[in-house]
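To start, the structure under review is shown below, and the notes come after it.
Each reported figure results from applying straightforward, stated rules to the coordinates on display, with no laboratory input. None of the values given here were measured: they were computed from a predicted structure. Cβ sites come from the backbone with ideal geometry, for glycine too, and all protein chains shown count toward neighbours.
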């Protein structure tokens with residue numbers, strides 16, 4: 001991690017295995033991440049003040065892409081523990097694991113809505129990839145997109161009214177924005193280039 005101006009670069013983990021998918025807690029005091037230090041992907045948390053490290057998931061299958069709920073009380077993640085990729089939530093102390101999606105396809109890239117009531121995610125079925133939302137209790141599944149293009153990272157606007165998504169062919173994805181109900185989907189001005197565009201994020205003004 002580092003300061004916003006690029007100074008103060010600090011190493012957060014030190015392990016021979018890969019650590020990736022970092023996600024800040026809302027308080028800024030902890031980072032959840034995926035680590036393969038057990039031989040497969042698990043979700044871990046590093047307390048930045050104390051240096052304490054906690055392993056949250058202990059499934060023999062891969063768990064990845066953690067995302068904190070806005071109140072910091074739950075972490076959503078993708079897991080292959082049922083054979084395909086489903087979304088789960090877990091408390092930061094490793095308790096209360098709850099399965100959220102039960103699709104026959106793969107559900108990946110969970111992203112909490114600012115209010116914490118629902119998650120946006122990408123559903124993959126063969127070559128077809130679509131963005132959905134679902135309530136945190138597993139109800140209210142809603143399809144937002146209908147294009148056949150590949151989908152990537154998702155980001156909610158701070159007021160929860162819009163979602164940014166990486167979308168396009170694999171070699172050249174572009175940035176799109178749509179309303180939270182999937183309407184008014186459009187490519188961002190300047191969001192199309194010969195290079196790859198990805199990992200959208202919003203800034204409060």
For this session: Grab the Cα-Cα distance for residue 141 and residue 162, subtract it from 0.36 nm times how many residues apart they are, and report the gain in nm with one decimal.
Result: 5.8 nm
Seminar exercise, completed: Here the Kirkwood hydrodynamic radius of the chain, Cα-based and in Å, equals 17.7 Å
Problem set entry | Length-normalised contact order of the chain in % [C-alpha pairs under 8 Å, at least 6 apart] | 10 percent
Problem set entry | FRET efficiency estimate (nearest 0.05) - Cβ-Cβ, residue 95 to residue 71, R0 22 angstrom | 0.85
Exercise. Which order do 9, 131, 108 fall in if you start with the one that has the fewest other Cβ atoms within 10 Å?
Worked result: 9, 108, 131
